[in-house]
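Participant: Please read through the structure below; I'll follow up with questions.
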C-alpha cells in the first residue's frame, strides 16, 4: 500500500485504485442570500462501517472563520456545538449534511466534514453566496438618498 498526502485529503493506493472514505457530494454550492444551503458529504461504505453504531466520529468545520480567525467546529455527529438556529445536522448511514437556512453573506466560505479515521479524512465544500453586491448597492443607494 502506498499513501500520498495532499493538503486536503489522503489518497490510499491499493492495486492501482484511489480510495477515499468521505467526499463532497457537490464541492461548490452557490445560493442567493436568504435561501437554504445544503452541504453534503457522502461515505464510501465498501470497506468501512459508518453507520450510527460505528465508532467513527464526524465533525463539521467552518474553515478560517473570519470572526475567529481560525477554524470553527460547528457540529460533532448529530450535535450542534454552536448556537445558531439556522443550522441543522442530518446523518444517515451513507451521508452527513449541514443545512443553513436564511443564508447571509457571512456564511460564504469553506466548510469541511471530517471523519476520525487513521489518518483523519476531510472533504471540503465551498459555499458561494450571491446577492452581496446587490445588498451593497442597495445600502449605497439608501445612504446617497438620505443625503439629498
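Participant: Does residue 63 fit the bill of being exposed (fewer than 14 other Cβ atoms within 10 Å of the Cβ), at negative phi and part of a strand (DSSP E or B)?
Facilitator: For residue 63, the condition - exposed (fewer than 14 other Cβ atoms within 10 Å of the Cβ), at negative phi and part of a strand (DSSP E or B) - is not met.
Participant: Can you confirm whether residue 58 is at pLDDT below 70, in contact with a strand residue (DSSP E or B) (Cβ under 6 Å, 6 or more places away or on another chain) and farther than 24 Å from residue 35 by Cα? Break it down into steps so the answer makes sense when it comes.
Facilitator: Numbers: at pLDDT below 70: no; in contact with a strand residue (DSSP E or B) (Cβ under 6 Å, 6 or more places away or on another chain): yes; farther than 24 Å from residue 35 by Cα: yes.
Answer is no for this residue.
Participant: In segment 92-134, what residues are surrounded by 14 or more Cβ atoms within 10 Å (Cβ to Cβ), modelled with pLDDT under 90 and under 19 Å from residue 33 (Cβ atoms)?
Facilitator: Result: 131, 132.
Participant: Scan segment 120-134 for residues that are in a strand (DSSP E or B) and within 22 Å of residue 23 (Cβ to Cβ) and jot them down.
Facilitator: Residues satisfying the conditions are 121, 122, 123, 124, 125, 126, 127, 128.
The values are calculated or read from the model by the stated rules, or taken from the named source; none is laboratory data. What you see is a predicted model; the values in this text were computed from it and never measured. Quick reminder, even Gly has a Cβ in these numbers, built from the backbone with ideal geometry, and neighbours come from all protein chains shown.
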